[in-house]
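A short write-up of the structure that comes next.
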Amino acid sequence: MTEKLYEGKAKILYTTDDPDILLTHFKDDATAFNAQKRGTIVEKGKMNCQITVALFQWLESKGIPTHLIKQSADDKILVKRVKIIPIEVVVRNIAAGSLCRQTGLEEGSKLPFPLVEFYFKNDELGDPLLTRDRLLILELATEEQLKQLQNLALSINQHLQEFFASCQITLVDFKLEFGLDKQGKILLADEISPDTCRLWDQTEKDPQKRVMDKDRFRRDLGKVETAYQQVQKRVLEQLGSAKKGL
């Protein structure tokens, strides 16, 4: 028997007959600006589920531990139960979004090195950007765990940049979440999808047409489903080609 354990903005978690395994259902709901803007993206759940599975499997093949067990339906996956670390880890390769608003950097500026930032996963506080010392004072993670999160994030970034580049997509920035398993090991959790990444089409020069992620929803650019479909198509095709080459 499954029982709803938690419902977030993009997913619902259910228990399963195994206490160490959860069922994740990806929703079609779309939110932005801390859920102040709401809508629906047709078949987003299925697309994000399939993209996440493909990218998690790719990362697993590169030695990145994840909570993924297997895909159980078009919009559902079975995952290892973890205790989510209440930190959103953001990696930025190119200036966009809040980084531009807060620093004055021009959108599209390539950063001299990947920027890793930690945000407090707390809707009531607006998911604020925190310094390392603030994270330690709040006891959201230990110093050793923060080092591991930083190293994992940079490694994931390298692998994803290479993978997306092979799909003719630029990985601008993205958000990661991690959890601790029963042994205290850090596993990549949540999802990697156009909901959690900024992705720019390398075949498009127009700043609006190149957007392939949730910014199309945030900024009312239209053709949101088409953008997600393109990401899904390229990711699955590239993963298929990579597997054939092994």
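Only the coordinates and a few stated rules stand behind these numbers; no lab work does. Because the structure is a prediction, the values reported are computed rather than measured. Cβ coordinates were reconstructed from backbone atoms using ideal geometry, including for glycine residues, and neighbour counts include every protein chain displayed.
What to note about this one:
- Legend: helices of the chain (whole DSSP H runs) are marked when their alpha-carbon atoms reach 30 angstrom or more along the helix axis and their mean Kyte-Doolittle hydropathy is at least -0.5; marked are 143-166.
- For the stretch 4-80, the relative contact order is 27 percent, taking Cα pairs closer than 8 Å that sit 6 or more residues apart in sequence and dividing their mean separation by the residue count.
- In terms of packing, defined here as the mean over residues of other Cβ atoms within 10 angstrom, the peptides 227-233, 120-126 line up highest first as 227-233, 120-126.
- Working from Cα pairs under 8 Å separated by at least six residues, relative contact order for the chain is 18 percent.
- Shown for 214, 205: other C-beta atoms within 10 Å of each C-beta, ranked fewest to most, produce the order 205, 214.
- Among the chymotrypsin sites (Phe, Trp or Tyr not before Pro) in the stretch 1-104, those located in a DSSP loop and surrounded by at most 16 other Cβ atoms within 10 Å of their own Cβ are 33.
- Per-selection metrics, the stretch 4-80 (Cα): Rg and Dmax in Å: 13.3, 38
- Global size of the stretch 83-223 as Cα Rg and Dmax, reported in angstrom: 15.6, 48
- The chain: calculated mean residue ellipticity at 222 nm from DSSP helix runs of at least 4, using -39500 (n - 2.57): -10500 deg cm²/dmol
- Tail fraction, Cα-Cα pairs, the chain, threshold 27 Å, whole percent: 34
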